[in-house]
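Enquirer: The structure follows.
The values are calculated or read from the model by the stated rules, or taken from the named source; none is laboratory data. Every value quoted in this text rests on a predicted model; they were computed, and no experiment measured them. Methodologically, a virtual Cβ is constructed for each residue, glycine included, from the backbone with ideal geometry; neighbour enumeration extends over all protein chains shown.
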Amino acid sequence: MKQNKKYSYQMNFRSVSVLCSLFFVLSAQSQNLQTYINEAISNSPEIQKFQFQYEILAEKVNEANWLPNTEITAGYFVSEPETRTGPQRARLSLRQMIPWFGTITARENYMGSMAEAQFEELVIAKRKLIVSVSQSYYNLMANKAKQDVLEQNIQLLQTYERLALTSVEVGKASAVSVLRLQIRQNELQQSKDILEQQFLAEQAVFNNLLNRESGIPVEIVSELIMPSDIEMISEEHLKIHPELTKYDKIYESVAQSEVLNQKESNPLLGFGLDYIPVSERTDMNPIDNGKDVLMPMVTLSIPIFNTKYKSQTRQNQLRQQEITSQKEERLNTLQTMLSKATFDRNTSRISFNTQVKNLKQAEDAEEILIKNYETGTIDFNDVLDIQELQLKFQINQIESVKTYYVQTTIINYLTR
């Protein structure tokens, strides 16, 4: 029965692992992220730590089935006491104390409830790891997308530079315009180089989450896309979040602790046997001369001074009240987290839509400038201004999409 119970815990853990991974990855639209999450879960020392802690507590269910040590005593009479049937030579005693009826079962139930509470810690740690891996992955995606945007803008400025050089040759632009375009290219190249260093730093963070060498390249999707569907959020799942059900399990373990406390406050039963070898008398021959003594024993250990158990009962009552308050406090915190994540995600979608409109208008302005170049009236200062606006809107777009996915991982953590 105990082995089956432990096996069910392990099966539940594997099931939760698969489900949690799917919940977090569906929104990512990337099989790569799913693979990385599976690798992180398999390699994580933290997950292994919680797994071992759970297995230790599960094994304590077997440990709970114990009895007090059997007492064996032996004594030899230096001065043999004389009895009617002969002198007593030695004394052998055997004692075994037994807990009150149901105490062992109560002890097993208590350890089982502790194991279930630890299992919730295992689930929480796994879900948090999924969030960390996903968010780090989205940071890498956003960084790569920004590098691509900067490279595109550098190439665009090079095109404008060639146009400016042609205009300088025909006297329609000054060399200052060329220099300004070159300076802007240098600035963008600097930003791109910094992003490359940030990518390597974040890649090291990501690899550490997977518990592997920090320099291993990470394959990512280079394009961030804002989902078109608006996901509905239900707070019903929040009430059964592992961070809250953990308190229910702890509350139950305290209840089982009180059951055990009541059982341990009952008397202990003891059974024993005394054996005394007796020598035969030589001076006379009474009935049962030299007959050994065999005496069964029954003992009862009564906890008359039971202040300890009364105090333990009061402590358990206070502990349950504390757990209830902790659960309410954590529920409020999780609700606040969900509200903030929902707000930030909705805000990111609004910001993204605004950047799409702004970028379209900036592209229209760029098109007008190109047409003006054909008539010989291009202003390269305007070109730089439009290019700077375009870059700003593109970067803001990437940040909005990244924020959407990062906040989605938090929402999924709380509601899935």
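Enquirer: Hey, among GLN326, GLN320, which residue is surrounded by 13 or more Cβ atoms within 10 Å (Cβ to Cβ), modelled with pLDDT of 95 or more, farther than 30 Å from TRP66 by Cα and among the polar types (S, T, N, Q)?
Expert: After applying the criteria, what remains is GLN326.
Enquirer: Only residues in region 298-310 that are small (Gly, Ala, Ser) count as the first member; pair them with residues that are at pLDDT 85 or above, Cβ under 9 angstrom, at least 6 apart or cross-chain, and list the lot.
Expert: Listed by first residue and then by second, the contacts come to SER301/MET97; SER301/PRO267; SER301/LEU268; SER301/LEU269; SER301/GLY270.
Enquirer: I'm checking my understanding of the structure. Among residues of region 86-127 that are assigned to a helix (DSSP H, G or I) and of a type in the set (Phe, Trp, Tyr), which one is nearest to GLN262 (Cα to Cα)?
Expert: It comes out as TYR110.
Enquirer: Select from region 102-124 the residues that are of a type in the set (S, T, N, Q) and over 21 Å from the mean Cα position of the chain (by Cα) and write down the one among them that is surrounded by the fewest Cβ atoms within 10 Å (Cβ to Cβ).
Expert: Here the residue is THR105.
Enquirer: One residue is enough: does region 57-66 have a residue meeting the conditions farther than 29 Å from GLY270 by Cα and in a helix (DSSP H, G or I)?
Expert: Scanning region 57-66, I find at least one residue that is farther than 29 Å from GLY270 by Cα and in a helix (DSSP H, G or I), so the answer is yes.
Enquirer: Go through (1) farther than 26 Å from GLN397 by Cα; (2) loosely packed, with under 12 Cβ neighbours inside 10 Å one by one and return the number of the condition SER228 breaks.
Expert: Status for SER228: all satisfied but (1).
Enquirer: Can you pull out every residue in region 204-242 that is part of a loop (DSSP other than H, G, I, E, B) and among the hydrophobic types (A, V, I, L, M, F, W, C)?
Expert: The answer is LEU210, ILE216, VAL218, ILE220, VAL221, LEU224, ILE225, MET226, ILE230, MET232, ILE233.
Enquirer: Return yes or no: is GLN147 at negative phi and over 38 Å from the mean Cα position of the chain (by Cα)?
Expert: For GLN147, the condition - at negative phi and over 38 Å from the mean Cα position of the chain (by Cα) - is not met.
Enquirer: Okay, moving on. For LYS172, only one of the following conditions fails: (1) in contact (Cβ under 8 Å) with a residue 12 or more places away in the chain; (2) surrounded by fewer than 19 Cβ atoms within 10 Å (Cβ to Cβ); (3) assigned to a helix (DSSP H, G or I); (4) not hydrophobic (A, V, I, L, M, F, W, C). What is its number?
Expert: (3)
Enquirer: Test of understanding: among ASP344, ASP379, ASP385, which residue is modelled with pLDDT of 95 or more and of a type outside the set (A, V, I, L, M)?
Expert: Of ASP344, ASP379, ASP385, the one residue that is modelled with pLDDT of 95 or more and of a type outside the set (A, V, I, L, M) is ASP344.
Enquirer: Is it true that some residue in region 230-239 is touching a Phe, Trp or Tyr at 6+ places or on another chain (Cβ under 9 Å) and in contact (Cβ under 8 Å) with a residue 12 or more places away in the chain?
Expert: No, every residue in region 230-239 fails to be touching a Phe, Trp or Tyr at 6+ places or on another chain (Cβ under 9 Å) and in contact (Cβ under 8 Å) with a residue 12 or more places away in the chain.
Enquirer: Which of (1) surrounded by 15 or more Cβ atoms within 10 Å (Cβ to Cβ); (2) in contact (Cβ under 8 Å) with a residue 40 or more places away in the chain; (3) over 30 Å from SER134 (Cα atoms) is the odd one out, the single condition ILE386 does not satisfy?
Expert: Failed condition: (2).
Enquirer: May I pose another question? For the condition in contact with a helix residue (DSSP H, G or I) (Cβ under 8 Å, 6 or more places away or on another chain) and outside any helix (DSSP H, G or I), what is the one hit in PRO296, PRO303?
Expert: Sole residue among the options that is in contact with a helix residue (DSSP H, G or I) (Cβ under 8 Å, 6 or more places away or on another chain) and outside any helix (DSSP H, G or I): PRO303.
Enquirer: Condition first: touching a Lys or Arg at 6+ places or on another chain (Cβ under 6 Å), within 26 Å of SER42 (Cβ to Cβ) and not small (Gly, Ala, Ser). Can you find one or more residues in region 133-143 that meet it?
Expert: yes
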